[in-house]
Amino acid sequence: MSIPLEAGERILFVDARDRTYLVRLQTKGTFHTHGGALSHDLVIGQPEGVRLETAGGMVLTAFRPRFADYALKMPRGAQVIYPKDLGPILVYTDIYPGASILEAGSGSGALTIALCRAVGPGGRVVSYEVRSEHRERAVANVEGFFGKIPDLLELTARSSTCPSRGTCCRRSARPWSPAGSSVPTCPPRCRSSRSCLLWSRRAFDTSRPSRP
Ligand SMILES: C[S@@+](CC[C@H](N)C(=O)[O-])C[C@H]1O[C@@H](n2cnc3c(N)ncnc32)[C@H](O)[C@@H]1O
């Protein structure tokens with residue numbers, strides 16, 4: 001039996017045509033759709049998977065959103081990295097629990113969230129974003145997903161010196177100086193025009209000989 005759906009949490013309504021709607025449940029709130037209105041109070045306290053009918057007879061099933069649902073529905077300023085690409089990025093950059101990551105270009109925060117989940121509480125993610133409006137969006141999306149900015153994450157309003165000027169996800173045991181003063185840079189071989197995935201251990205990760 002799942003934990004009942006609560007006021008304040010985000011849920012995903014799925015209709016008969018598999019269209020999805022991300023909604024934050026509020027006491028006395030109403031969800032309006034072309035198929036009529038549905039009171040949030042009818043959803044609050046129900047188990048996940050409950051099927052409800054709007055005033056216009058439209059059947060909706062309520063679920064807690066997966067990260068993939070959230071990434072597709074969350075507000076975006078910059079182009080988001082889609083779930084189909086997030087998985088390969090995590091695999092090909094060899095992200096593991098406890099890793100330290102530098103992300104260049106937080107954008108809307110989709111990859112940032114995926115990285116935080118992949119490295120776990122023992123890891124660290126530093127994400128640079130050069131545009132303040134994108135950084136604010138990323139902060140809001142990360143908070144919206146986790147409830148707060150995770151302790152392991154640093155969302156930084158500054159420019160990375162990565163020549164890709166796109167999205168770069170770099171795994172390193174020491175992506176910043178011990179004093180924390182220098183700006184991390186990508187190795188010279190990173191020359192992608194849009195996005196780069198750095199997976200060569202020789203190029204940037206020499207201090208951690210073994211991994212789980
Ligand atoms: C494609 S978006 C990143 C998508 C993001 N990783 C996501 O999953 O939603 C590229 C982002 O990189 C930022 N950017 C471009 N050049 C940058 C630089 N030199 N330093 C930091 N951020 C940069 C852009 O402002 C933009 O927000």
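Please treat every number below as a calculation from the coordinates, not as lab data. Since we're looking at a predicted model, the values are computed, not measured. Glycine gets a Cβ as well: all are built from the backbone with ideal geometry, and neighbour counts include every protein chain shown.
Brief remarks follow.
- Ranking I95, L60, Q46 by how far each Cα lies toward the positive end of the dipole of region 35-161 (charges on Cβ) leaves I95 at the top.
- Packing around the peptides 144-154, 117-127, 96-106, taken as the average count of other Cβ atoms within 10 Å per residue, puts them in this order, highest first: 96-106, 117-127, 144-154.
- When region 1-150 is reduced to its Cα atoms, the Kirkwood hydrodynamic radius in Å: 16.8 Å
- Karplus-derived 3J(HN,Hα) values for region 125-133, using 6.51 cos²θ - 1.76 cosθ + 1.60 with θ = phi - 60°, are 10, 10, 10, 9, 9, 7, 9, 4, 5 Hz; glycine and proline are entered as x.
- Working from label points 7 Å from Cα in the Cα-to-Cβ sense, the F63 to S132 distance is 4.0 nm.
- Projected label points at R51 and Y82, each 7 Å from Cα along the beta carbon direction, are separated by 3.0 nanometres.
- Mean projection of the Cα convex hull over all viewing directions, computed for region 10-65: 3.3 nm².
- Chain lengthening between Q26 and L72 when straightened (0.36 nm per residue, less Cα-Cα): 14.4 nm
- Using θ = phi - 60° in the Karplus curve 6.51 cos²θ - 1.76 cosθ + 1.60, the 3J(HN,Hα) couplings for region 18-30 round to 6, 6, 10, 9, 8, 9, 9, 6, 9, 4, 6, x, 9 Hz; x is entered for Gly and Pro.
- Sequence-distant aspartates and glutamates (8 or more away, or on other chains) whose Cα lies within less than 12 Å of K28: D41
- Within the straight-line cut-off of under 18 Å between alpha carbons, the aspartates and glutamates reachable from K73 are E9, D15, D18, D85, E136, E143, sequence neighbours fewer than 8 places apart in one chain being disregarded.
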